[in-house]
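Enquirer: Before I ask anything, here is the structure I am working with.
The values are calculated or read from the model by the stated rules, or taken from the named source; none is laboratory data. It should be emphasised that the depicted structure is a prediction, and the values quoted were computed from it without experimental measurement. Note that each Cβ is placed from the backbone with ideal geometry, even for glycine, and that neighbours are counted across all protein chains shown. Note: accessible area is taken over every heavy atom of the protein model, side chains too, but ligands, DNA and RNA are not part of it. Shrake-Rupley method; radii C 1.70, N 1.55, O 1.52, S 1.80 Å.
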Amino acid sequence: MEVKHCKGEQGTTSRTCLKRTLGMAFDILLFLFLFLLMYSLFSFLFSVLVPADEGSMTVRQLLFMADELFLLLAAVFSSWLVLRIRGLSFSILGLRVKGYSKDLWKGALFALSFYALSFVISLLSGSVEVVSVSFSLSSLLMSFLFFGLVAVFEELALRGFVLGRMLEAGVNKFVALFLSSLLFSLLHLANPNFAVLPFINILLAGVMLGASYIYTRNLCFPIALHWLWNWLQGPVLGYEVSGNRFGESLLNLRLSANEWMNGGDFGFEGSLLCTLLLIAGTLIIMKMESGKLRMDN
């Protein structure tokens, strides 16, 4: 898809650029407003129909999954409505799998490689220690589904709509990538144990997740990467996931006092080691995707 940029575009006046930019900003604000409205409505109706007593851990997990499903439904409806108002197709968000199925496996493999490397470094440095192993197939499957909902929702909203709408409006791809990643990090402000380094790392994670999208305009790679990133980090390896925990984990860890290496109570995303690996991972993805783009052209 060809993206028109204001700068240097023949026949494009500053007024046209301003109109395009204001339209993009309005669309994003409208999307956020509709999203909050729909999510509040879904949550209210659910609270009326379902008793407030959370009960067992399994029931709480199901409630978390229901809440994440409401977030996804609200994002889908809001983005569809705004795009329809603009006369744009929902397909421009980049959810098409046909022709991009390999990117699903590449994203999953990238996440697996990232955490294999980071966990080996953490073990060798003594910043983490495996205390025990607790295998629960049902817990792993439930958490896998939960983090799938998380990945699809966040990538659809932050990369598909927000980043995609900026690119569609002609914003420089790197500026758009930074701004959408900044919003991604700001949305985690209410997470437990959120601090300066976690803020930076979530921003960098947003950049890494969007690095392929600015070239491909497809969400297969970032969804798979995001999905396996969260699932491997929490339910498999035993870290907190952005300060939160979803049920039991395969590995039970003992963290050393060196939070710069293990992230402490926020999880691995709160560590300096994660910062360095995120930067390296982003550069690898950008080089890979920009190289493919040059070959295609």
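Enquirer: Which residues, counting only those in segment 259-278, are touching a Ser or Thr at 6+ places or on another chain (Cβ under 8 Å) and open to solvent by 30 Å² or more (accessible area, probe 1.4 Å)?
Expert: Selection gives Glu259, Trp260, Met261.
Every residue, every condition in (1) in a helix (DSSP H, G or I); (2) at pLDDT below 95; (3) surrounded by fewer than 20 Cβ atoms within 10 Å (Cβ to Cβ), yes or no:
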{"position": "Arg159", "(1), (2), (3)": "yes, no, no"}
{"position": "Phe199", "(1), (2), (3)": "yes, no, yes"}
{"position": "Leu204", "(1), (2), (3)": "yes, no, no"}
{"position": "Ile214", "(1), (2), (3)": "yes, no, no"}
{"position": "Asn218", "(1), (2), (3)": "no, no, no"}
{"position": "Gln233", "(1), (2), (3)": "yes, no, no"}
{"position": "Glu248", "(1), (2), (3)": "no, yes, yes"}
{"position": "Asn252", "(1), (2), (3)": "no, no, yes"}
{"position": "Ala257", "(1), (2), (3)": "no, yes, yes"}
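Enquirer: Moving to a separate point now. So Tyr239 clears everything in (1) part of a loop (DSSP other than H, G, I, E, B); (2) in contact (Cβ under 8 Å) with a residue 40 or more places away in the chain; (3) in contact with a Phe, Trp or Tyr (Cβ under 7 Å, 6 or more places away or on another chain) except one condition, right? Which one?
Expert: All conditions pass for Tyr239, except number (2).
Enquirer: Evaluate the following for Glu155: is it open to solvent by 10 Å² or more (accessible area, probe 1.4 Å) and of a type in the set (D, E, K, R)?
Expert: Values: open to solvent by 10 Å² or more (accessible area, probe 1.4 Å): no; of a type in the set (D, E, K, R): yes.
So Glu155 does not fit the description; no.
Here is a yes/no grid of residues against (1) more than 16 Å from Asn244 (Cα to Cα); (2) without any contact (Cβ under 8 Å) to a residue 60 or more places away in the chain:
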{"residue": "Glu155", "(1), (2)": "yes, no"}
{"residue": "Leu163", "(1), (2)": "yes, yes"}
{"residue": "Ala169", "(1), (2)": "yes, no"}
{"residue": "Ala176", "(1), (2)": "yes, yes"}
{"residue": "Phe199", "(1), (2)": "no, yes"}
{"residue": "Ala205", "(1), (2)": "yes, no"}
{"residue": "Met208", "(1), (2)": "yes, no"}
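Enquirer: For segment 120-130, state whether one or more residues are of a type in the set (D, E, K, R), assigned to a helix (DSSP H, G or I) and over 18 Å from the mean Cα position of the chain (by Cα). Break it down into steps so the answer makes sense when it comes.
Expert: Kept after step one, since they are of a type in the set (D, E, K, R), are these residues of segment 120-130: 129.
Subsequent filtering for residues that are assigned to a helix (DSSP H, G or I) retains none.
The answer is no; no qualifying residue exists.
Enquirer: Return the total of residues in segment 255-284 being over 21 Å from Ser143 (Cβ atoms) and either of a type outside the set (Phe, Trp, Tyr) or out of contact with any helix residue (DSSP H, G or I) (no Cβ under 9 Å at 6 or more places or on another chain) (or both).
Expert: Taking segment 255-284 first, the residues over 21 Å from Ser143 (Cβ atoms) are 256-261, 264, 271-273, 275-284.
Add one more test, that the residue is either of a type outside the set (Phe, Trp, Tyr) or out of contact with any helix residue (DSSP H, G or I) (no Cβ under 9 Å at 6 or more places or on another chain) (or both), and what stays is 256-259, 261, 264, 271-273, 275-284.
Selection size over segment 255-284: 19.
Enquirer: Out of segment 176-190, which residues are open to solvent by 30 Å² or more (accessible area, probe 1.4 Å) and over 12 Å from Gly210 (Cα atoms)?
Expert: Residues of segment 176-190 open to solvent by 30 Å² or more (accessible area, probe 1.4 Å): 178-179, 182-183, 186-187, 189-190.
Once the filter is applied, which keeps residues that are open to solvent by 30 Å² or more (accessible area, probe 1.4 Å) and over 12 Å from Gly210 (Cα atoms), segment 176-190 yields Leu183, Leu186, Leu187, Leu189, Ala190.
Enquirer: Could you count how many residues in segment 57-112 are open to solvent by 70 Å² or more (accessible area, probe 1.4 Å) and among the aromatic types (Phe, Trp, Tyr)?
Expert: Residues meeting the conditions: 4.
Enquirer: Shifting gears a bit: On the basis of being more than 19 Å from Leu278 (Cα to Cα) and either in contact with a helix residue (DSSP H, G or I) (Cβ under 9 Å, 6 or more places away or on another chain) or open to solvent by 20 Å² or more (accessible area, probe 1.4 Å) (or both), does Val241 make the cut?
Expert: Numbers: more than 19 Å from Leu278 (Cα to Cα): no; either in contact with a helix residue (DSSP H, G or I) (Cβ under 9 Å, 6 or more places away or on another chain) or open to solvent by 20 Å² or more (accessible area, probe 1.4 Å) (or both): yes.
So Val241 does not fit the description; no.
Enquirer: Give me the pairs, please: first residue somewhere in segment 59-84 and closer than 15 Å to Phe46 by Cβ and in contact (Cβ under 8 Å) with a residue 40 or more places away in the chain, second residue anywhere and charged (D, E, K, R) and assigned to a helix (DSSP H, G or I), beta-carbon distance under 9 Å, and either six or more positions apart or on two chains.
Expert: Leu71/Glu154
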